[in-house]
Amino acid sequence: QLYFVTPVPLSLALRAKNIVATACILLQVIFTIAVAALFQIQVTVLSIISALALVLVILSFLLGIGNLISVLQPKPVDPNETFRASRGGKAQLWLFLTLLTLSMPVGLAFLARWALDAEWAYFAVLAVDLLIGLIVYHIATDSAVAKAEHNREQIVDAVSFGSNPID
């Protein structure tokens, strides 16, 4: 709701939200690597690069789809209930289908590494996946902004119920 009353364009607000989400995810990856190193689990430079590449591929798709879902199925967020399920079944179904679909290109990267017994094959497939993910992100975000501008009133009405800073 705040996106529609501030002078900041929605596209900029969505991208800023996505940058913050990416930073949080990358911090979680770094924390996980640190914990693994603390427990003396073998952490190599190659495994760190592999983990970061995989996370960036998945994140590029999820951020784009998340931008679309937030506009197509707007729902108010209650800051007092951030850890409870705040999305309906339809959004959860979209997320499940997205993750199921994402398992295919990611699985191909692992399959390429296994079939060719070479790390370069894994990273080559992940590079193609990342390129596709960035294209999907760009198209999905632009589509979300266009849809939000077209359905501005319906989105404001949908998110006006519940706790929010504008009440």
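The values are calculated or read from the model by the stated rules, or taken from the named source; none is laboratory data. It should be emphasised that the depicted structure is a prediction, and the values quoted were computed from it without experimental measurement. Every residue, glycine among them, receives a Cβ derived from its backbone with ideal geometry; neighbour counts consider all protein chains shown. These area figures cover heavy atoms from the full protein model, side chains too; ligands, DNA and RNA do not enter into them. Shrake-Rupley method; radii C 1.70, N 1.55, O 1.52, S 1.80 Å.
Remarks
- Considering the conditions (1) modelled with pLDDT under 85; (2) part of a helix (DSSP H, G or I), residue 61 is excluded by exactly one of them, (1).
- Verdict on residue 166 being over 21 Å from residue 29 (Cα atoms), loosely packed, with under 13 Cβ neighbours inside 10 Å and at pLDDT 95 or above: no
- Evaluation of residue 41 against the conditions (1) open to solvent by less than 70 Å² (accessible area, probe 1.4 Å); (2) among the β-branched types (Val, Ile, Thr); (3) more than 16 Å from residue 144 (Cβ to Cβ) shows that the sole unmet condition is (1).
- Candidates 35, 55 - the one that is part of a helix (DSSP H, G or I), closer than 22 Å to residue 129 by Cα and at pLDDT 80 or above: 55
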